1. Please specify each residue of the range 196-222 satisfying the condition of being touching a Ser or Thr at 6+ places or on another chain (Cβ under 7 Å), of a type in the set (A, V, I, L, M, F, W, C) and in contact (Cβ under 8 Å) with a residue 40 or more places away in the chain.
2. If the requirement is being open to solvent by 70 Å² or more (accessible area, probe 1.4 Å) and modelled with pLDDT of 95 or more, which of these qualifies: Arg170, Arg195, Arg151?
3. Residues Thr221, Thr192, Thr206: which one is closer than 22 Å to Gly13 by Cβ, away from the ligand (no atom under 11 Å from the Cβ) and not assigned by TED's automatic domain parsing to the domain that holds Leu10?
4. Return the residues of the range 62-105 that are at pLDDT below 95 and within 16 Å of the ligand (Cβ to nearest atom); say none if nothing qualifies.
5. For residues in the range 108-140 being under 19 Å from Pro165 (Cβ atoms) and among the charged types (D, E, K, R), which is modelled with the lowest pLDDT?
6. Any chance the range 206-218 includes a residue that's among the polar types (S, T, N, Q), more than 16 Å from Ala118 (Cβ to Cβ) and over 21 Å from the mean Cα position of the chain (by Cα)?
7. Report the residue count in the range 106-143 for those that are in contact (Cβ under 8 Å) with a residue 24 or more places away in the chain and more than 14 Å from the ligand (Cβ to nearest atom).
8. For the range 18-35, what are the residues that are buried (at least 19 other Cβ atoms within 10 Å of the Cβ) and out of contact with any Leu (no Cβ under 7 Å at 6 or more places or on another chain)?
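The values are calculated or read from the model by the stated rules, or taken from the named source; none is laboratory data. Fair warning: this is a prediction, and the values are worked out from it, not measured in the lab. Positions of Cβ are generated from backbone atoms using ideal geometry, with glycine treated the same way; all protein chains shown enter the neighbour counts. The accessibility values were calculated without ligands, DNA or RNA, using every heavy atom of the protein model including side chains. Shrake-Rupley method; radii C 1.70, N 1.55, O 1.52, S 1.80 Å.
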Amino acid sequence: MSGSLSIAGLGPGDPALVTPEVQAALDAATDVIGYIPYVARVAPRPGLTLHPSDNRVEVDRARHALELAAKGAQVVVVSSGDPGVFAMAAAVFEALEDAPQWYDLDIRVLPGITAMLAAAARAGAPLGHDFCAINLSDNLKPRAVIERRVRLAAEADFAMAFYNPRSKSRPEGFARVLQILRETCAPGRLITFARAVSTPEERLTTVTLAEATPEMADMRTVVLVGNSATRRVGPFVYTPRRADAGVTG
Ligand code: SAH
């Protein structure tokens, strides 16, 4: 049997949010590769080798996966959420760029439910109109790029989802992002801090921009910033489907 490589999203945490397609790939796998806590979500069984690794070596991990698939293994690389959202799919293609001998391998990307969509569903519909997703980690891009994107997205009145909002190594980065929002948006702008969505530790808090503090986010939180029309309805937060011309605030 020839090898294959699937790059699969495990969803935000709840096993009920793993797609049947991803489950079938895991059931057929001989090897599962990924960051330690994600591999820990895959049930061990005879015939399956788990390869947990540290997060900082994504391209090495991708190369390892490609090598195993080239030797005939049925390999699944796992990410949390969706593998194409700040995760392993792009890392595999980065590794593939340098390795034309692997271009004809059977490679597929299997989507998953990404954190912002799981969080938005819990909150109501805060991403109900145009929105963007911004990774606040400065591992792979300069802070100036992050700040420019946040400012321009706020000026364009996008709702926003922030991934990796706050790292232990650079806690001041998220404080700076809140400051940029305060310069561009009205103090009543709604912000939802959604932590560990769909796990037993899940916690959602919605506050105004005036009330938001950097400590409300950690690395298990996705932050949803509404647009200027985002409002509360009963216990929910939603963004109407229409936008007036030129709104900001
Ligand atoms: N590929 C993943 C994102 C990886 S980046 C996805 O599509 O969801 C890691 C960041 O995702 C975390 O810092 C956090 O911002 C967010 N995240 C992942 N799982 C989450 C969850 N269950 N609840 C809230 N945020 C989550």
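1. Matches in the range 196-222: Leu204, Met219.
2. Values: Arg170 fails: modelled with pLDDT of 95 or more; Arg195 fails: open to solvent by 70 Å² or more (accessible area, probe 1.4 Å).
Every option except Arg151 fails the conditions.
3. Numbers: Thr221 fails: away from the ligand (no atom under 11 Å from the Cβ); Thr192 fails: away from the ligand (no atom under 11 Å from the Cβ).
Checking each option against the conditions leaves just Thr206.
4. Result: no residue meets the conditions.
5. Asp138
6. Here is the first cut: in the range 206-218, the ones among the polar types (S, T, N, Q) are 206, 208, 213.
With the extra rule that they be more than 16 Å from Ala118 (Cβ to Cβ), the set shrinks to 208, 213.
Still in the list and also over 21 Å from the mean Cα position of the chain (by Cα): 208, 213.
Taking every residue of the range 206-218 in turn, at least one turns out to be among the polar types (S, T, N, Q), more than 16 Å from Ala118 (Cβ to Cβ) and over 21 Å from the mean Cα position of the chain (by Cα).
7. 11
8. The first filter runs over the range 18-35 and keeps only residues buried (at least 19 other Cβ atoms within 10 Å of the Cβ), leaving 18, 22, 25-26, 29, 31-35.
Leu26, Ile33, Gly34, Tyr35 - these are the residues of the range 18-35 that are buried (at least 19 other Cβ atoms within 10 Å of the Cβ) and out of contact with any Leu (no Cβ under 7 Å at 6 or more places or on another chain).
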